[in-house]
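Okay, so here's the structure we're looking at.
Derivation of every value follows stated rules applied to the coordinates shown; laboratory data play no part. For clarity, every value in this text was computed on a predicted model and none was experimentally measured. Note: ideal-geometry Cβ built from the backbone for every residue, glycine included; neighbour counts use all protein chains shown.
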Amino acid sequence: MGLIARAIERVGIPTVSISIARDLTAAVGAPRAVFVKWPLGHPLGEPHAPLQQRTVIFRALHLLMHADVPGVIDEPGYRWRRESYEEPDWSRLA
Amino acid sequence: MGETITWLQKLSNRIYGIPAVAQWWARRAAQRSASLDVDDDAIPFARLRKPLSTARGVLMTTGGVHLIEQTPFDMETPQGDATYREIPVNATPAQLTITHNYYDHRDADADLNVIFPLAHLQELVGQKVIGSLAPRHYGFMGHIDGELVTTLTQHTAPEVAAKLRADGVDFALLTPA
């Protein structure tokens, strides 16, 4: 996935990836990534958990806007099934 | 799709579904990828050139998502499948399916937002957080190895990048399997 991100970035379009495999994301050199230490196949979290899913999207869009170092990996440290989530403050992306 | 998964693959997917095991796999894969040398070393880096509220986004996943009527990804070739499927922006979850035997996608089958959050992005456009979405989004099958990595980096990915440019895309959100 990081390789696809690099190809897109190379034509001038910024990317942000969600990563479940931190070392692989770092090795491939994805331009920007939010890492969540969750099971494979669950980049946005649990099914029917919209607040959790939207929180991950918020972190990704925030990183898209504010990252200034190529290859940055944001690590919010969310635990699997042991967090409670609120609706993100989307006005912070305005 | 699901019918073709062996009990061994199911067991493997269960084991790799444990977060710590997934990280162990990532370390191994990272060591292997160092020897692939398919790319130059500098990380390309573009910037968002406009406010998010006027920007056009695209969603891409390597989780094997595609329209039910599209040709499924090839699960027989050991090196994987470096092709992709275009997913129209108005596709509903009921019109989409997942062909990817190398991870446990039962949760993503139950709620596609777990891996392909197009519905959330559409809501964010409605909330005016994001300006708009591209007319087409993309499903890949991320389990790619050997010379197909070169196919991906030299042909498939640049082809999609050109389509994003043609569609006026300002940023891309990528999700893995």
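Normalising by the residue count of chain A, find the relative contact order in percent from Cα pairs under 8 Å and 6+ residues apart.
The normalised contact order for chain A reaches 29 percent.
Count the DSSP beta bridges whose two residues both fall in segment B:20-177, then state the antiparallel fraction as a percent rounded to the nearest 5.
Here the antiparallel bridges make up roughly 50 percent for segment B:20-177.
How large is the charge dipole for segment A:2-80, taken about the Cα centre, if only the Cβ atoms of Lys, Arg (+1) and Asp, Glu (-1) carry charge, to the nearest 20 debye?
Values: 8 positive and 6 negative charges, 15 e Å.
In total the dipole reaches around 80 debye.
Note the angle between two axes, namely the Cα long axis of helix A:50-66 and the longest principal axis of the Cα atoms of chain A, as a number of degrees from 0 to 90, rounded to the nearest 10.
Between helix and principal axis, roughly 30 degrees.
Can you say what percent of the DSSP beta bridges in the protein assembly as shown, counting only those with both residues inside, are antiparallel? Round to 5.
35 percent
If you place +1 on the Cβ of every Lys and Arg, -1 on the Cβ of every Asp and Glu, and leave all else neutral, what size is the dipole of the protein assembly as shown about its Cα centre, to the nearest 20 Debye?
620 debye
Hey, fewest Cβ within 10 Å first, where do A:32, A:82, B:136, B:32 land in order?
On the way: A:32 26, A:82 6, B:136 18, B:32 12.
Ranking A:32, A:82, B:136, B:32 by Cβ neighbours within 10 Å, fewest first, gives A:82, B:32, B:136, A:32.
Could you list A:18, B:15 in order of exposure, starting from the residue whose Cβ has the fewest other Cβ atoms within 10 Å? Write out the running numbers ahead of the final one.
Working: A:18 28, B:15 12.
By the 10 Å Cβ count, ascending, the order reads B:15, A:18.
I need the shape label for segment A:2-80. Rule: rounded when a/c is under 1.5, else prolate if a/b > b/c, else oblate, with a, b, c from the alpha carbon gyration tensor.
Prolate.
Averaged across B:17-23, how many Cβ atoms of other chains sit within 10 Å of each residue's Cβ atom?
Numbers: counts 5, 3, 9, 1, 2, 10, 7.
That average works out to 5.
How far, in nm, would the chain grow between residue B:150 and residue B:20 when pulled straight, counting 0.36 nm per residue and subtracting the alpha carbon separation?
43.9 nm
Could I have the simple spin-label model distance between residue B:123 and residue A:65, label points 7 Å from Cα toward Cβ, reported in nm to one decimal?
1.9 nm
With the cut-off at 1.5 for a/c, could you classify the protein assembly as shown from its C-alpha gyration tensor as rounded, prolate or oblate?
rounded
Among B:70-77, A:51-58, B:52-59, how do they line up from the highest to the lowest mean number of other beta-carbon atoms within 10 Å?
A:51-58, B:52-59, B:70-77
Within a 10 angstrom radius of the beta carbon, how do B:137, B:120, B:100 rank from fewest other beta carbons to most?
Ordered by Cβ neighbours within 10 Å, fewest first: B:120, B:137, B:100.
From the phi angles alone, apply the Karplus equation (6.51, -1.76, 1.60; θ = phi - 60°) to segment B:77-91 and give each ³J(HN,Hα) in whole Hz, x where the residue is Gly or Pro.
6, x, 7, x, 9, 8, 7, 9, 10, 8, 10, x, 4, 8, 5
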